[in-house]
Amino acid sequence: MSFTDREQFSKRIRRVMISEEELHAAIAQAGAEIDAAYEGKPLLLVSILKGAFVFLADLARAVSIPCEIGFMQAQSYFEGTVSSGKVEITLDLTQDISQYHVIIVEDIIDTGRTLSLVAEELRRRNPLSLRILTLLDKPERRVVDLKADKSLFTIPDAFVVGYGLDCAEYYRNLPYIAEYEEP
Ligand code: 5GP
């Protein structure tokens, strides 16, 4: 798929599900909660690329206490049962996380499989603490026992794009979360 036409690009957006204003209000609140909970502690915000890059950029600016930022990218493979698999970390953190309180900043939890493997890997590295903050949560789709410590929006089982989330690498630049319609 290749898009150069603005009209074709817009046609697939069924509706705005979460507006820019709603996103920013929820993120401001999440930032204030992080400030209160982690004041005086070494904090590392870990974003899982690519989908969470926009959320991380806004969240980091809503946090006013000192913190570091890290990026990871992971590829997961699943065979047989839906709840077991392997994860390959294709981009890793540079920090030794045993020195930090870590918050995983995720875009969306769907089946939960990839994030549960990434969280397991990070737990193995003995961070001072580990929490999961997700922008979006689709609990109906979960196949593994994974719960975010905080989720900003619970959404129904629909395919969404925008605000970092893609369809074939497009739509990440939309400033809101939209429901995508297959052509
Ligand atoms: P999980 O391992 O939880 O099934 O996979 C989560 C990943 O699948 C997310 O990080 C995201 O990349 C992708 N994903 C799941 N649901 C959606 C969705 O509705 N829209 C988009 N664009 N990606 C999704």
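Here are a few things to note about the model shown:
Results for (1) within 15 Å of the ligand (Cβ to nearest atom); (2) under 21 Å from T94 (Cβ atoms); (3) not in a loop (DSSP other than H, G, I, E, B), shown as yes or no for each residue.
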| site | (1), (2), (3) |
| --- | --- |
| E7 | no, no, yes |
| R14 | yes, no, yes |
| E33 | no, no, yes |
| V54 | yes, no, yes |
| A60 | no, yes, yes |
| I69 | no, yes, yes |
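- Enumeration of residues in segment 128-155 that are closer than 15 Å to I18 by Cα, part of a loop (DSSP other than H, G, I, E, B) and without any contact (Cβ under 8 Å) to a residue 40 or more places away in the chain: K138
- Listed by first and then second residue, the pairs linking a residue in segment 100-121 that is in contact (Cβ under 8 Å) with a residue 12 or more places away in the chain to a residue that is of a type outside the set (A, V, I, L, M) and within 6 Å of the ligand (Cβ to nearest atom), with Cβ atoms under 6 Å apart and 6 or more places separating them unless they lie on different chains, are D107/G51.
- Selection count, segment 91-127, where residues are within 11 Å of I48 (Cβ to Cβ) and in a strand (DSSP E or B): 7
Each row is one residue, and each column tells you yes or no for (1) in contact (Cβ under 8 Å) with a residue 12 or more places away in the chain; (2) in contact with a Cys (Cβ under 9 Å, 6 or more places away or on another chain); (3) closer than 19 Å to G164 by Cβ.
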| position | (1), (2), (3) |
| --- | --- |
| A32 | yes, no, no |
| L43 | yes, yes, no |
| I48 | yes, no, yes |
| F53 | yes, no, yes |
| D58 | yes, no, yes |
| G70 | yes, no, yes |
| Q75 | yes, no, yes |
| K86 | yes, no, no |
| I89 | yes, no, no |
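Every residue, every condition in (1) within 18 Å of V87 (Cα to Cα); (2) touching a Lys or Arg at 6+ places or on another chain (Cβ under 8 Å), yes or no:
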residue	(1), (2)
Q99	no, no
V105	yes, no
I108	yes, yes
T111	yes, yes
A119	yes, no
L122	yes, no
L128	no, yes
F153	no, no
D157	no, yes
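- For A158, the test of being of a type in the set (A, V, I, L, M, F, W, C), outside any strand (DSSP E or B) and surrounded by fewer than 17 Cβ atoms within 10 Å (Cβ to Cβ) is passed.
- Here F3 meets each of (1) of a type in the set (F, W, Y); (2) at pLDDT 95 or above; (3) outside any strand (DSSP E or B) with one exception, condition (2).
- The one condition in (1) at pLDDT below 95; (2) more than 8 Å from the ligand (Cβ to nearest atom); (3) surrounded by fewer than 21 Cβ atoms within 10 Å (Cβ to Cβ) that L122 fails to fulfil: (1)
- Top-ranked residue in segment 35-52 [being assigned to a loop (DSSP other than H, G, I, E, B) and of a type in the set (A, V, I, L, M); ranked as farthest from the chain's Cα centre (by Cα)]: L49
- A single member of S151, S129 is touching a His at 6+ places or on another chain (Cβ under 6 Å) and small (G, A, S), and it is S129.
Results for (1) more than 9 Å from the ligand (Cβ to nearest atom); (2) in contact with a strand residue (DSSP E or B) (Cβ under 7 Å, 6 or more places away or on another chain), shown as yes or no for each residue.
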site	(1), (2)
Q99	yes, no
I108	no, yes
L115	no, yes
P127	yes, yes
I132	yes, yes
L152	yes, yes
G164	no, yes
Y171	no, yes
E182	yes, no
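The values are calculated or read from the model by the stated rules, or taken from the named source; none is laboratory data. Remember, predicted model here, so these are calculated numbers, not experimental data. Every residue, glycine as well, gets a Cβ built from its backbone with ideal geometry; the counts of neighbours run over all protein chains shown.
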